Every structure is written in structure tokens, then in C-alpha cells.
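**Q** Starting off with a structure, shown below.
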Amino acid sequence: MKTKSYKKDKVNIVTLGCAKNIVDSEVLLTQLRGNEIDTTHESKKDDANIVIINTCGFIENAKQESIDTILRYADARKEGLIDKVYVTGCLSQRYREELAAEIPDVDDWFGTMELPLLLKKFKADYKHELVGERITTTVSHYSYLKIAEGCDRPCSFCAIPLMRGKHISRPIEELVLEARNLVKNGTKELLLIAQDSTYYGLDIYKKRNLAELLNHLADVDGIEWIRLHYAFPAGFPEDILEVMNNRPNICNYLDMPLQHGSSKILKLMRRGTDRTRTEALVAKIREKVPGIAIRTTLIVGHPGEEEEDFSELMDFVESQRFDRLGVFTYSHEENTHSYNMSDDVPEEVKHERASTVMELQEQISGEINQQKIGQSLKVLLDRKEGRHFIGRTEFDSPEVDNEVYIDAEKHFLRVGDFATIKITDATEFDLYGEPTN
Ligand code: SF4
């Protein structure tokens, strides 16, 4: 068995799952480096002898990806290629005992709230003075800002509260400090994330306080774009719409997972709303913030979803014409409310329904994008790839939404800069254009 000898410990953090996990890994990275422990994130070089895997435990596919990653590093540990493997994050929080029994080559398992315990493995202490500081792992000009942890909602299909606990908002002062520090490190775009961002403040300020937070963040010099993700429809704090309208550096963009368009299924999902109220809210948002791009996420195949419920969902998607839309197939998750129901929609029907929704959305997105031809839009340039500079408008979030392609052989631009781009062509999911100056 060939073993590698390492002069000094070096840690590699591997992140799976959502943007909230990316932030957690960035906080871990900051704390380890703050304790002078040589740490990298997603390093492709094989030079780390300790690996920390930050896992996702949301739905079946994500869980499988996490388990495959753990097994890969557990094998490397068995072969002596690395010295230690630690696992943290949602999958570990949810299935620690079972996993520890099945995969003995992992040195230790940590939950989502056990950073100080994980740091102890490195004889490191949690440095409170680093709160508000964060080494980011995304491209330098945009960063995620996690405004709260956990969730108090009872959505029937969702295991997140089991892994992330109750909703805890972070104080405005702490978030403003973090935003200022991120700007110092080059951030121009802040993506606000939480499990339910519209619940912000109900715990620590005893009121929905997202509007005040948005105003404070919009005051931070250097922040050119603030983007709101994970809004919840029921109890939606409409005062944020006025703030979005009044503050030019808050994107006319809203990510609001709605999950379904049939009142019967929304009731089974325990979403606290129905189709009529959802459509009224969407109409109000579009009236109050003209030109806003709305992204939503839907789930098909929830227990009890019959053909007519699915037709109602299709009718909802057709009538509401969301700018951006993603679909998940229902995943039967233990210990969720839906797990007590029979998972009665066959897998192939779930996937058929998901692709049918996306076919319709492709058409809608194509029509919406065609209307952008001839417009000049502010674009943040994310990267250069092959013969194109690739960026996004304020209507597009990284990784999930449309991109703008500019011919790099004809035009010179700088990644990380904003540029005004005249849109000359469009497809279902991308735009093409050239700089106006
Ligand atoms: S709002 Fe609902 S779907 Fe979202 S994390 Fe909370 S329980 Fe899950």
C-alpha cells in the first residue's frame, strides 16, 4: 500500500449542495485560515492530507452525490493517500449514526451547527472576531450573503428544517459589516439567501424586517446589485417592493419558489396559500415593480397529484409566464409530513411531467427573450470562455438563469466590470449582444 507523507497538514474543503452550503464552507475556510491552518477549497491538486466534505441531504439525487463523494475520499483514506476525512453539512446532520456505521473510514461526522467542534479537531478555536469576515470561493465580483439560517415553515415535502433547525435571523449590523468587508474584497453583487428570506426579522425584531435590511445593505458603498432569493409567498412583506423600486442598486429580480399552481396540491404541501392568492401576489409584485423578473421553482409528482392537478399546474405556468423557472420531481423524504402519504405518482410520470413543464417554459422564456432584442442592458461580466465574454443582466442570477454572450474577438471587456450591452439576438435561455460604447 503506497502511502503519501505530508510535512505539514493541509486541508481541502469540498462543498456540495446549495449556496447556503457554499457560505458555510467559506466560514469554515475563514476560521481555519484564521487559525493559521493551511486550507484550500475544491482544490484539484492532490496536495491536501485532510479532507472536509460539506454535504447536502435535501433530496435523493443530492444525497447520492454526497454519499459517492464521501466513499471516494474514504477509499483514498483507506489507501493511505490522505490521512483524515471529516464529513459535515446536511447529510451528516440527518443520517450521522447510519453513515458512521456504514462508512467506518470517515474519521468523524459533524452536524450543520457544529463548526466549533469541527475546529477542535485542528486544535483550533472559533474566532468570534472573524464574524463579518469571509473568504469567498465564488468569482470575486459577486458573493452570497446568508441573512438567516433554518426554517419555521411546515412544508410537507421538505426535510430542510430537520437539517437546519429553526429560523434564526442574523442581526442587521452583522450583515452590513459583512457586506462592507465583501466589498473590500471586490464584491459588487450581493445575493441574499436564506431558507425563507421573507421571514427575516420575525424572531429577533418581532416583525418582518427585510425591507429595513435591504435599505441598510443598499447604503453600503460599492454594492451595485443586491439580489433577493428564496422569498416565500405566504405572509409576503409587500413593503420590500417599495424599497426595490426606490433603491436603484436592488435588482428588479425576485426568486420566489411557489412549488405548485393547484390549490389542492398547495394545501397538501402545507404552503399556507392557494392559487388565487398566489396569482394576486404575482400580479401585485409586477404592478409595484414594473419590469421585475420573477424566478420560481415547482415540484411535480407530489403524493396525490392527479392528471387534472398537473393540467392546472400547466395552466398556471402558461398564464403566469415566469421569467425564470426550475422544476424538481418530488422526492419521498423520511420524517417529512408527505412521507406519511403514499408516493403514488410513478417515477417515470414525475419525470414526464417535469419535462412537459420545462418544454412550456422554454417557449415562454424564448418569447420573453425575443422582446429584449434591441434593448441596451447593464451586464456584469462573469468570465471569458472561448471566443465569448459571458455575463448577466440584473434579471439573471449566477448558475441558474440566462447569460449574455459578447464576441471577445470583436470587443475587449474586463471580467468583473459592468458594461452596457445592446442585445442583438436571443435564444430560449441566452442573449447575445455588443457593447454600446
Ligand atoms: S420554506 Fe418550506 S420548502 Fe423552504 S426550506 Fe422552509 S420548509 Fe423547506
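The values are calculated or read from the model by the stated rules, or taken from the named source; none is laboratory data. Not measured: the values here are computed from a predicted model. As a convention, Cβ positions derive from the backbone with ideal geometry for all residues, glycine included, and neighbour counts pool all protein chains shown. Accessible surface is based on the protein model in full, side chains and every heavy atom, while ligands, DNA and RNA are left aside. Shrake-Rupley method; radii C 1.70, N 1.55, O 1.52, S 1.80 Å.
**Q** Quick one: how many residues across the range 75-113 are assigned to a helix (DSSP H, G or I) and out of contact with any Gly (no Cβ under 6 Å at 6 or more places or on another chain)? Write out each step before concluding.
**A** Residues of the range 75-113 that are assigned to a helix (DSSP H, G or I), as a first pass: 75-78, 90-102.
Checking the rest, the ones that are also out of contact with any Gly (no Cβ under 6 Å at 6 or more places or on another chain) come to 75-78, 92, 95-102.
Result for the range 75-113: 13.
**Q** Find the residue count for the range 118-129, including only residues that are open to solvent by 40 Å² or more (accessible area, probe 1.4 Å) and either assigned to a loop (DSSP other than H, G, I, E, B) or not basic (K, R) (or both). Please lay out each step first, then the result.
**A** Going through the range 118-129, the residues open to solvent by 40 Å² or more (accessible area, probe 1.4 Å) turn out to be 120-121, 123, 125-129.
Still in the list and also either assigned to a loop (DSSP other than H, G, I, E, B) or not basic (K, R) (or both): 121, 123, 125-129.
The number of residues fulfilling the criteria is 7.
**Q** If a residue must be under 19 Å from Y126 (Cα atoms) and either assigned to a loop (DSSP other than H, G, I, E, B) or not hydroxyl-bearing (S, T, Y) (or both), how many such residues does the range 12-40 contain? Spell out how you get there, then give the answer.
**A** Quick first cut of the range 12-40, residues under 19 Å from Y126 (Cα atoms) only: 12-13, 21-40.
With the extra rule that they be either assigned to a loop (DSSP other than H, G, I, E, B) or not hydroxyl-bearing (S, T, Y) (or both), the set shrinks to 12-13, 21-24, 26-29, 31-38.
Qualifying residue count for the region: 18.
**Q** Next up: Considering only the range 362-437, give the strands (runs of 3 or more DSSP E) lying wholly within it that have at least 2 residues that are among the aliphatic types (A, V, I, L, M).
**A** Details: elements: 376-385, 388-392, 403-407, 418-426, 430-435.
Here the list reads 376-385, 403-407, 418-426.
**Q** Here is a further query. Could you go through the range 161-169 and let me know if any residue there is more than 21 Å from the chain's Cα centre (by Cα) and assigned to a loop (DSSP other than H, G, I, E, B). Break it down into steps so the answer makes sense when it comes.
**A** Of the residues in the range 161-169, the ones more than 21 Å from the chain's Cα centre (by Cα) are none.
No.
Quick grid of which residues meet (1) open to solvent by 70 Å² or more (accessible area, probe 1.4 Å); (2) farther than 30 Å from R94 by Cβ; (3) under 22 Å from the mean Cα position of the chain (by Cα); (4) hydroxyl-bearing (S, T, Y):
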site: E333; (1), (2), (3), (4): no, no, yes, no
site: H337; (1), (2), (3), (4): yes, no, no, no
site: V349; (1), (2), (3), (4): no, no, no, no
site: G386; (1), (2), (3), (4): no, yes, no, no
site: I406; (1), (2), (3), (4): no, yes, no, no
site: K422; (1), (2), (3), (4): yes, yes, no, no
site: P435; (1), (2), (3), (4): no, yes, no, no
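**Q** Follow-up question, since we're still on this one. Listed residues I52, I13, I22; which is open to solvent by 10 Å² or more (accessible area, probe 1.4 Å) and not basic (K, R)?
**A** Numbers: I52 fails: open to solvent by 10 Å² or more (accessible area, probe 1.4 Å); I13 fails: open to solvent by 10 Å² or more (accessible area, probe 1.4 Å).
The conditions single out I22.
**Q** I would also like to ask the following. Quick one: what pairs do we get from the range 220-233, first residue closer than 16 Å to F418 by Cβ and at pLDDT 95 or above, second part of a strand (DSSP E or B) and within 16 Å of the ligand (Cβ to nearest atom), C-beta under 7 Å, 6+ apart or different chains?
**A** I226/L192; R227/L192
Per-residue answers, yes or no, for (1) open to solvent by 40 Å² or more (accessible area, probe 1.4 Å); (2) of a type in the set (F, W, Y); (3) over 23 Å from the mean Cα position of the chain (by Cα):
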position: I223; (1), (2), (3): no, no, no
position: Y230; (1), (2), (3): yes, yes, no
position: N245; (1), (2), (3): yes, no, yes
position: Y253; (1), (2), (3): no, yes, no
position: S262; (1), (2), (3): no, no, yes
position: R271; (1), (2), (3): no, no, no
position: P303; (1), (2), (3): no, no, yes
position: E312; (1), (2), (3): yes, no, yes
position: E318; (1), (2), (3): yes, no, yes
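**Q** Determine which member of the set S397, S355, S365, S376 is open to solvent by less than 70 Å² (accessible area, probe 1.4 Å) and without any contact (Cβ under 8 Å) to a residue 12 or more places away in the chain. Break it down into steps so the answer makes sense when it comes.
**A** Working: S397 fails: without any contact (Cβ under 8 Å) to a residue 12 or more places away in the chain; S365 fails: without any contact (Cβ under 8 Å) to a residue 12 or more places away in the chain; S376 fails: without any contact (Cβ under 8 Å) to a residue 12 or more places away in the chain.
One residue alone meets the criteria, S355.
**Q** Okay, moving on. Of the residues S156, S143, S197, S169, which single one is within 16 Å of the ligand (Cβ to nearest atom), surrounded by 16 or more Cβ atoms within 10 Å (Cβ to Cβ) and more than 23 Å from M269 (Cα to Cα)?
**A** On the way: S156 fails: more than 23 Å from M269 (Cα to Cα); S143 fails: within 16 Å of the ligand (Cβ to nearest atom); S197 fails: more than 23 Å from M269 (Cα to Cα).
Result of the check over S156, S143, S197, S169: S169.
**Q** Is it true that I135 is open to solvent by less than 20 Å² (accessible area, probe 1.4 Å) and either within 16 Å of the ligand (Cβ to nearest atom) or of a type in the set (V, I, T) (or both)?
**A** no
**Q** Further question on the same structure: Kindly indicate which of L190, L175 is in contact with a Ser or Thr (Cβ under 7 Å, 6 or more places away or on another chain), outside any loop (DSSP other than H, G, I, E, B) and either of a type outside the set (V, I, T) or away from the ligand (no atom under 11 Å from the Cβ) (or both).
**A** Working: L175 fails: in contact with a Ser or Thr (Cβ under 7 Å, 6 or more places away or on another chain).
Result of the check over L190, L175: L190.
**Q** Another question about this same structure. Please name all residue pairs, on different chains or six or more residues apart, with Cβ atoms under 9 Å, provided the first residue is in the range 72-91 and is on the phi > 0 side of the Ramachandran plot and the second residue is part of a loop (DSSP other than H, G, I, E, B) and of a type in the set (S, T, Y).
**A** Taking only residues 6 or more apart or on different chains, the pairs are G80/T3; G89/T112.
**Q** Would you tally the residues in the range 138-157 being over 14 Å from R170 (Cβ atoms), in a loop (DSSP other than H, G, I, E, B) and modelled with pLDDT of 95 or more?
**A** Applying the first criterion (over 14 Å from R170 (Cβ atoms)) to the range 138-157 yields 138-143, 151-157.
Adding the requirement that they be in a loop (DSSP other than H, G, I, E, B) leaves 138-141, 151-157.
Remaining after also requiring modelled with pLDDT of 95 or more: 141, 151-157.
The qualifying residues number 8.
**Q** A follow-up question, please. Which residues, counting only those in the range 271-295, are part of a strand (DSSP E or B) and more than 16 Å from the ligand (Cβ to nearest atom)? Write out each step before concluding.
**A** Just the residues of the range 271-295 that are part of a strand (DSSP E or B), to begin with: 293-295.
Result: A293, I294.
**Q** Quick one: which of L81, L115, L32 is out of contact with any strand residue (DSSP E or B) (no Cβ under 7 Å at 6 or more places or on another chain), under 28 Å from S143 (Cα atoms) and surrounded by 15 or more Cβ atoms within 10 Å (Cβ to Cβ)?
**A** Details: L81 fails: under 28 Å from S143 (Cα atoms); L32 fails: out of contact with any strand residue (DSSP E or B) (no Cβ under 7 Å at 6 or more places or on another chain).
Among L81, L115, L32, only L115 is out of contact with any strand residue (DSSP E or B) (no Cβ under 7 Å at 6 or more places or on another chain), under 28 Å from S143 (Cα atoms) and surrounded by 15 or more Cβ atoms within 10 Å (Cβ to Cβ).
**Q** Further, regarding this structure: Out of everything in the range 200-220 that is touching a Lys or Arg at 6+ places or on another chain (Cβ under 8 Å) and open to solvent by 50 Å² or more (accessible area, probe 1.4 Å), what residue ends up being nearest to the ligand (Cβ to nearest atom)?
**A** L202
**Q** Further question: For the structure I just gave you, tell me whether H351 is farther than 20 Å from D315 by Cβ and either aliphatic (A, V, I, L, M) or not in a loop (DSSP other than H, G, I, E, B) (or both). Break it down into steps so the answer makes sense when it comes.
**A** On the way: farther than 20 Å from D315 by Cβ: yes; either aliphatic (A, V, I, L, M) or not in a loop (DSSP other than H, G, I, E, B) (or both): yes.
Criteria met by H351.
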